[in-house]
Amino acid sequence: MSTEAHSIALAHHKDYRGSKFAIWLFLITEVILFGGMFLLYSVYRSEHAADFHRGAEELNTLLGSINTIILLTSSLTMALAIAGTHHGNRKLALWMLAVTVLCACGFLVIKYFEWGAKIHHGIYPGSARLAAFPKGEILFFGLYFTMAGVHGIHVLVGAVLLTVMFFRVLGQPHAKLSFVAGHGLQHAEGARLAIIDEQGTPLWKGDKIDTTIQRIDVKTKYWPVKQRFKVEDFNQLENAGLYWHIVDIIWIFLFPLFYLIT
Amino acid sequence: MAIPRHDEHVHPGAPDANEVNFYQYQGRWHGLASWIFSTDHKKIGLMYLTLMLVFFTVGMSLGFMIRLELFKPGQQFVSAQTYNSLFTLHGVIMIFLFVIPGLSASMGNFMLPIMIGAKDVQFPRLNLLSWWLFVTGALLAVTALFTGGGPPDTGWTFYAPYSIRTGTNVTLAAFAVFVLGFSSILTGLNFVTTIHRMRAPGMGFFKMPLFVWSIYATGWLQVVATPVIGITLVLIMVERSFGIGVFDPTKGGDPILYQHMFWIYSHPAVYIMILPGLGAISEVITVHARRTIFGYSFIAMSSIAIALFGSIVWAHHMFVSGNSLVANFVFSLLTMIVAIPSAVKVFNWVATLYKGSIQLETPMLYALAFIFIFMIGGFTGMMIGVLSVDVHVHDTYFIVGHFHYILFGGLGFAFFASLHHWFPKMFARMYHQVPSKIAWFLTFVGFNVLYGPMFILGWEGMPRRYWDYLPQYTHWHQVSTVGSWIMVAGILMMFINLIHSIKHGEECTDRNPWGGGRTLEWTVPSPPPLENFRDVPVVDRGPYDLAPHSEAK
Amino acid sequence: MSHDAGHHEEAHHEPVGYGQYFMTWFALVFLTAITVTAAGLHLGAISVLVALLIATVKASIVLWLFMHMKYEDATFHRLIAVMMVALAIFIGLTFTDTLFR
């Protein structure tokens, strides 16, 4: 198979570091996206401090705190899920992922009730009641609904993403090798594919390979153990985890700036 | 329908991927589908190029109509409302559908992996997604023309509070730009990662071609700055739909904050537009002056410096909007600094030309024109960076002249130079020489006759975006309009020549048709095979050194 | 910054024990309790500063431990720096306008 070493065509390496680098670039864009709204918040807060205080008093601090704890816990379970894969504990990983998704849903449910109550009381962008408030409070609630709304969309996307990851992890890890006619198969005619143990004894033998075979795919699914663990296997899960933590970090700032400035 | 990973495409029984050129390679898809679903950076680059040039032509036609309307005072062909939409669309199309993707999405896609010795970008499928997002954004923008309240009339800058109140289709247009921005972010992310991770063995950062440096700096700007316009447009859409009040003075909002957020992106955006052009000019000059570049590391670092300094000067677009004096002072000072790295480039190009063996091929003609025009654009930029000058010329034709010199004369001419420079590599043909030079001459003369008078008009007080004007401005408006006819003739001639030459130009299968090419794209076949290189090249010299590379097969 | 085939470079560190994550979570919950309490203390002008400070500490803990910044090299630390500097510049320079009107 020495011809393969020079052919780029089969250089099938997953670039774990490159993938992590890229996801961090994406997370930078997310932070700056929210940063624009934090910019508006900072300016308007500095100009309408008293109105922002009053607005914050209208918000339900208890529900906000519960949501904060929920998201922090979901960050824990996310980190535990990834740690589970590192330790070869697939079951833990799957359970923790499921809990993370549940936390995300819990967050959204509480948001739904929070906003429902607000709307019921006539406090929402464009409402007549809000229009009668002082300017600073109008801005406060405008920013509140927008920033929490955009954040909520990110929570929803995260929940969907992590559900997809759940099913991905179910099918992992596996290794796949491809041998294509013209790249290593041409000298294999008459040979057999076999699984051999450490002593060289074949455990299983396939049929002889003839010239009509164009390609052989070998897909191995294996139970992860610590010694065999490769970071690259759960690359996507780690990236999804990083996204989820950023969503948590955004809320870490949103919570005090809207709920706690009373 | 899963898009296969790049390395899973090798089709049993198909010819070896690298035996034929990338047009001939038969993968999983055939015909048109082999383009639409291709993750090959070369095909993606060409698709971008084609659609972008279509939009350029549309934008140019709009400009042509604007100049026709302005031939004399009073109404010539269109009403004032239509005129407002004309210049809005001209700006939106030119900026978001041509100049911002620009040389990055087109030539960057095609050339970047080859120049660093890679087989493709880091994330080929993400690259394809960027392309699809671009098409989607373009379709949405076109839809915004014909639905709802009609095409936006706010100017391409969508300033609040008018953009919140106008009945025209701002929401859809804003969403279109949002999608386009997402495309831009993903491309920038892809290119930055590619440059970090996929350079050939031996190619340290300071052995990369200067075009690659410029793509790198541009990629960072795309990642860091574009999200700001993303959120700004979301806020406009939310304002229009729900009335949150953040930019609405009747609810306590501050329209100037809209301008801050808009320009925090849109100023770095002009560097997204020009930087790849500056990189391409470096490539064209070294090849056609048969010299190694003068001051390589300075030019390389200047691209980074332009990206950095360009990100902190945005409020110079707002000097007369109501900024505090402190802000005006700070931003004016910072604006002076951003000229320095640009000047570094110009000095080094001139030093490269000095005692070079200058071949007056068409790409070099465009490059020389570029230096002249870019300098005028830059100088006038310095002028308006001075507060006392800007107070008089803001929102006049002086500004219009300035940014057309920088953007069109700058990126536009660099774009035309690149098209001619890399034409034989992409199409294995040479364009017809004589028409190309006539076209260049008409374009260059026409450009200056079109935009030069704008400085005079602006200095004399002619406001921009005005459908009608006082009779005293008629003379220079007419000169300018005639200039537009000459220039459009030149550009059309150039396009027709290039398009014709793709099929009927003289065959040119040389790997290095200009003779002076030393970067890696001139070592691969014309056109390149699917994965660019048969073997991974090993880099052991600087990008413009005169010694040959270890020969790639 | 010469590049070799990606997967040779990874610093394979020992996997982080579960316990560290629980401690991190506990610290975050504790800080949340602090910040909620501080909000009720009527600290006046510095209340925002205190809230922001605690939030920054919490975010840093998530970054450092949950997001593994502790185990990453300078490249990733620089990415974080780029992010923070960009935000600081955008907000800071805007304030040169709004603060002095």
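The values are calculated or read from the model by the stated rules, or taken from the named source; none is laboratory data. Note that the coordinates shown come from a computational prediction; the quantities given were computed from them, not determined experimentally. So basically every Cβ, Gly included, is an ideal-geometry build from the backbone, and we count neighbours across all protein chains shown.
List of remarks:
- Taking first residues from the stretch C:44-57 that are among the β-branched types (Val, Ile, Thr) and partners that are in a helix (DSSP H, G or I), the Cβ contacts under 6 Å between residues at least 6 apart in sequence or on separate chains come to C:Val50/C:Ala38; C:Ile54/C:Leu31; C:Ile54/C:Thr35.
- Of all residues making up the stretch C:53-101, the number that are among the aromatic types (Phe, Trp, Tyr) and farther than 30 Å from A:Ile82 by Cα: 3
- Listed conditions (1) at pLDDT 95 or above; (2) more than 10 Å from chain B (Cβ to nearest Cβ) are all met by C:Thr94, apart from (2).
Listed here are the residues, each with its yes/no results for (1) within 10 Å of another protein chain (Cβ to nearest Cβ); (2) part of a helix (DSSP H, G or I); (3) over 22 Å from C:Phe95 (Cβ atoms); (4) in contact with a helix residue (DSSP H, G or I) (Cβ under 9 Å, 6 or more places away or on another chain).
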site	(1), (2), (3), (4)
B:Val234	yes, yes, yes, yes
B:Met237	no, yes, yes, yes
B:Gly245	yes, no, no, yes
B:Gln259	yes, yes, no, yes
B:Tyr271	no, yes, yes, yes
B:Leu278	no, yes, yes, yes
B:Val287	no, yes, yes, yes
B:Arg291	no, no, yes, yes
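- Failed item, numbered, when B:Gly517 is tested on (1) within 25 Å of the chain's Cα centre (by Cα); (2) modelled with pLDDT of 95 or more: (2)
- Which listed residue is in contact (Cβ under 8 Å) with a residue 40 or more places away in the chain, within 14 Å of chain B (Cβ to nearest Cβ) and assigned to a helix (DSSP H, G or I), from A:Phe113, A:Phe140, A:Phe107: A:Phe140
- Listed by position, the helices (runs of 4 or more DSSP H) enclosed by the stretch B:99-169 that each have at least 3 residues that are without any contact (Cβ under 8 Å) to a residue 40 or more places away in the chain are B:124-146.
- For the stretch A:192-219, taking the residues that are modelled with pLDDT under 80 and assigned to a loop (DSSP other than H, G, I, E, B), the one that is nearest to the other protein chains (Cβ to nearest Cβ) is identified as A:Gln214.
- Among the candidates B:Gly322, B:Gly310, residue that is within 13 Å of chain C (Cβ to nearest Cβ), of a type outside the set (A, V, I, L, M, F, W, C) and surrounded by fewer than 16 Cβ atoms within 10 Å (Cβ to Cβ): B:Gly322
- With respect to the conditions (1) among the hydrophobic types (A, V, I, L, M, F, W, C); (2) more than 23 Å from the chain's Cα centre (by Cα); (3) facing chain A (nearest Cβ under 8 Å), B:Val224 lacks only one, and its number is (2).
- Boolean, B:Val344 is surrounded by 20 or more Cβ atoms within 10 Å (Cβ to Cβ), under 23 Å from the mean Cα position of the chain (by Cα), of a type outside the set (Gly, Ala, Ser) and within 22 Å of B:Leu221 (Cβ to Cβ): no
- Qualifying residue in the stretch A:85-93 (condition: at the interface with another protein chain (Cβ under 7 Å from one of its Cβ atoms) and at pLDDT 95 or above): no
- Subset of the stretch A:1-48 that is farther than 30 Å from B:Phe182 by Cβ and modelled with pLDDT of 90 or more - its residue that is surrounded by the most Cβ atoms within 10 Å (Cβ to Cβ): A:His48
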